[in-house]
Each structure stands twice: as C-alpha cells, then as structure tokens.
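Working notes, beginning with the structure itself.
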Amino acid sequence: MQSLSSASVCVTELPGAPNPSPRAKKAQDEEADIAGREYLSPSKLREVSGCCDLSQLARLELQVDSSETSLGNFGQYLPRLHELRLVHSVLGCVRDLGTSLHGLRVLWLSHCCLRDLDGLGSLSLLQELYLAFNEVSDISLVTLLSSLQVLDLESNCVHEEDQLGYLGLCPSLHTLTLAGNPLTTSLKHQHGGVEGYRACVMAALPQLRVLDDVAIAIATVPPPATPPLLAEREQLNELATPTEHRTFESIPRAKSAHIIRSHTPTSAQFVDSCSELTHGVDQVICGNPARALRARRKQSRSPCYHGNPPSPD
C-alpha cells in the first residue's frame, strides 16, 4: 500500500500594513460604472454633443442600438431638449427612449427598424414626428399627441383605411406623408388614381394643408366634416352634460300626460289643494290617518260635497 502524502502549507508575510484601508469610490468611478450599464451616460452625452452643460442642451443627434445596450432614462440629464434625431438607429419601440423626454417637440426616427409606437404617450408635447422607412402598421397611439402638427409615415406598413380615423383625432395636424404605404396604393386603385386618393384622404382629414409634400389648394379642400371618431366623442360629451344645463321646453308633452278634468259644475266640485293620497296642507288630521284618507276619498267622489271632511274619530 502506498502511504498518503501530507499536505503542506506555505505562509508568506507581506510587507507593509497588514490591513490596508479600502479606497473610497470617487465620482469618476461611479460614472464609469453607469457607462458600463447604460450606453447614454452623462459622459457619453457630453462627448457626443460637445456640450459640457447638459442642462442647456436643446438639440441632439446620434445613432443608438437598443437591441444590444440599454439607453437608460437619458432624458433626465437633458431637461431642455427640444429636438432629437436618431436617424439610422435600431429601436424596438418608442419606449426604448425612456419616459423623461417630456419637453421634446421634434423627433426623427427614420430608418430605425421601428415596428411599434408603444411609449409614444410619454411625449405629450410632441409637434413633429418623422417615422419614414420603418415597419409601423398601427398608428392608433398617435391620438395621444394632441399637439401633433407634422407626421411623416412614408414607406411604412399602414394598410387599413380605418387608420385615417385616428389621425382625425389630431386637430392640429396639417402636414402628412403617406406615400409608399399599402394604404396609398389601395386607395389609388379604389378611387381612380392620385386625385381620387387625395380626395379620399382630404375628406377624412379636412384639417390637412399638405399631403405627400404637395400643398392642398384651398379651393379643393372639402367643407369641414367631423371625423367619425371625433363625432362619437362629442356625442359622449353631450350625454355626460349635467341635466341642469339641458333645456326641455321645446319637447311637447304626450297626450296621455294631460290632466283629464271633470265636467261637473264648479259649484259641485270638491276643492282640493293636493293629491288624492295626502290630505293637504290646509287641514289637520286627528286620530287614525288611514280612516281619514278613506273618508276623504269617499267624500271627494261625491259631486255635492261642500263642507269640511269629518274627523276620522
């Protein structure tokens, strides 16, 4: 049998202090850690924009790829950013931009492989949106942009005519580009060419002044019409109006609502000051009220009654 060899332990004494104090992390190190986690760190934004004070930056242009690295909530570093250009970037949806771009007015997302507009509602002050050459098919979330004036959807995947109804809920929209979408080709076939296509779009969106980079002549603009979805919203608002603000004097009463009066002479009629169920406010009931009501009902049917009803007791 072979004997097991015993393990040896080697101890080396290090020169200097045996327990050195740990070095505190500096601000530069923290920023480096952020840069490792987020592509658009403050230092990266300063490098790209050439602006040392990010709080004063109003316009930014760069290319990003949200499929590989997170963009982070970079809008918190740019409180005065009004225009953002991300042309030829790679984005899954608008939500990849974060939720802190509250003051953004102009957004360029052309050639960004964009398919979904999810997250667009956080850009409530947006006035110009450029989405050319993407793969967007549903534009319903555009209705959340009440201040939108310019929308570029050239060469996307919009193919349903109902999508035009959503644009009708943008009252400030005056410039629209739809060229290159399946919807454009379909409307041209249905309405006999370019003129028919333009007439159809203008009928659905009477607020437009420029369509596919061509100005709409004032003479050819159809009379303003309320878009279907906007008309439904107005009807719901009318139904929600408090009843005290409504007037009903012009509504005629039904024939069945008129009071049928007796032809008995006035001297023989029973004078009553209230309904048939109550005794009125000019007489006092003492005793059993049920008996008094029965007695009063019997007396009121008598055409020759002139006196006061007897006491129920």
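Structure values in brief
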{"item": "Extension gain (nm, one decimal) between ASP65 and GLU135, 0.36 nm per residue minus Cα-Cα", "result": "23.5 nm"}
{"item": "Exposure ranking of ASP96, ASP162 by accessible area [1.4 Å probe, largest first]", "result": "ASP162, ASP96"}
{"item": "Net charge of Cβ neighbours under 11 Å - reference THR175; Lys, Arg +1; Asp, Glu -1", "result": "-3"}
{"item": "Solvent-accessible area of SER67 with every protein chain in place, 1.4 Å probe, in Å² to the nearest 10", "result": "90 Å²"}
{"item": "Volume per residue that the Cα convex hull of region 34-150 spans, once the total is divided by residue count, Å³", "result": "85 Å³"}
{"item": "Most to least accessible of VAL94, VAL11 (protein chains only, probe 1.4 Å)", "result": "VAL11, VAL94"}
{"item": "Environment charge of ASP118, counting only residues whose C-beta is closer than 13 Å and scoring Lys/Arg +1, Asp/Glu -1", "result": "-1"}
{"item": "Calculated FRET value between GLU195 and GLN127, using beta carbons and R₀ = 30 Å, to 0.05", "result": "0.50"}
{"item": "Rough spin-label spacing in nm, given labels placed 7 Å along Cα→Cβ, for THR185 and CYS52", "result": "5.5 nm"}
{"item": "Pair ARG294, ARG80: separation of 7 Å Cα→Cβ label points (nm)", "result": "9.0 nm"}
{"item": "Heavy-atom SASA rank of CYS10, CYS200 (probe 1.4 Å, accessible area, largest first)", "result": "CYS10, CYS200"}
{"item": "Dipole moment magnitude, nearest 20 debye, region 75-181 about Cα centre, only Lys, Arg, Asp, Glu C-beta charged", "result": "500 debye"}
{"item": "Portion, in percent, of the accessible area of region 29-155 that falls on carbon or sulfur, probe 1.4 Å", "result": "45 percent"}
{"item": "Where chymotrypsin sites (Phe, Trp or Tyr not before Pro) fall in DSSP loop in region 123-188, at most 10 other Cβ within 10 Å", "result": "none"}
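The values are calculated or read from the model by the stated rules, or taken from the named source; none is laboratory data. Computed from a predicted model, the values in this text were never measured in an experiment. Cβ sites come from the backbone with ideal geometry, for glycine too, and all protein chains shown count toward neighbours. These area figures cover heavy atoms from the full protein model, side chains too; ligands, DNA and RNA do not enter into them. Shrake-Rupley method; radii C 1.70, N 1.55, O 1.52, S 1.80 Å.
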